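Take a look at the structure below.
What follows draws every value from the coordinates through simple rules; no lab data is involved. All figures in this text were calculated on a predicted structure; none of them were measured in a lab. Backbone-built Cβ (ideal geometry, glycine too); neighbour counts: all protein chains shown.
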Amino acid sequence: MKFLLGTKENMSQLFDGDGTVHPVTIIKTGPLTVTQVKSKEKDGYRALQFGFGTKSPKNIAKAQKGHFKDLGNFRFVKELRLKEAENPTLNVGDKTDLAAFKEGDIVEVSAISKGKGFQGVVKRHGFHGGPRSHGQKHSEREPGSISGGTREGGRVPAGMRMAGRMGADRITVKNLTVAQINPEAGLIMLTGAVPGRKGTLVEIRG
């Protein structure tokens, strides 16, 4: 079981021994503190709860302060669900960091993608829009018919692709490779792109 939290910094590139360039995403990490160990008997499921980052105590709710006790003032709190076969030895107050990972590890990453607001069907779903000729004037990016003549009897069918809010979804990307680790600076570099903007909280699972 390998688990790590970090914030997305920026993208860069690394060169391997034969000169091939690889795009990488740089993740800024730090020590994780176990804030709670959940059991099936007490909580209904097995999980480890981690605290990461820091923020001003005045911005932390009293209930959270009571939960954290003297472990720290954490900015983020995330849980790692445990499988039946997993029996970690971590207890409340224990710390873990990127030492569990090594270069070449295959990981999966979860983060919240960039929010793009209300978007039309061309950007949101890749529609082609209307024709560029034959007298059309204002319908280049319109959706066209929304199936008024189907068996729904003039009603819009469920699942119809239309304009709407786009982005800000939880995205999981699998099979990324740990390209490089810098323990002194607390940086881990993953091949390829990671969802989200700069500063987005990133979950890394090994």
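Numbers at a glance
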| read-out | value |
| --- | --- |
| Calculated from backbone phi, Karplus (6.51, -1.76, 1.60) coupling profile of the range 162-179 in Hz, x at Gly/Pro | 9, 5, x, 5, 10, x, 6, 10, 7, 10, 10, 10, 9, 6, 8, 10, 6, 7 |
| Under Karplus coefficients 6.51, -1.76 and 1.60, residue-wise ³J(HN,Hα) of the range 15-25 in Hz, glycine/proline x | 10, 8, x, 9, x, 6, 8, 10, x, 9, 10 |
| Per-residue ³J(HN,Hα) for the range 129-137, Karplus 6.51 cos²θ - 1.76 cosθ + 1.60, θ = phi - 60°, Hz, x for Gly and Pro | x, x, x, 8, 9, 6, x, 5, 10 |
| For peptides 153-165, 24-36, 77-89, sequence by mean Cβ density within 10 Å, most packed first | 24-36, 77-89, 153-165 |
| Mean shadow area of the range 36-124 over all directions, Cα convex hull, nm² | 10.3 nm² |
| Long-range HN-HN contacts of residue 119 with modeled amide H, under 5 Å | 164, 165, 166 |
| Efficiency of FRET between residue 76 and residue 13 - r from beta-carbon atoms, R0 22 angstrom, step 0.05 | 0.20 |
| Relative contact order of the chain, defined on C-alpha pairs under 8 angstrom at six or more residues apart (%) | 31 percent |
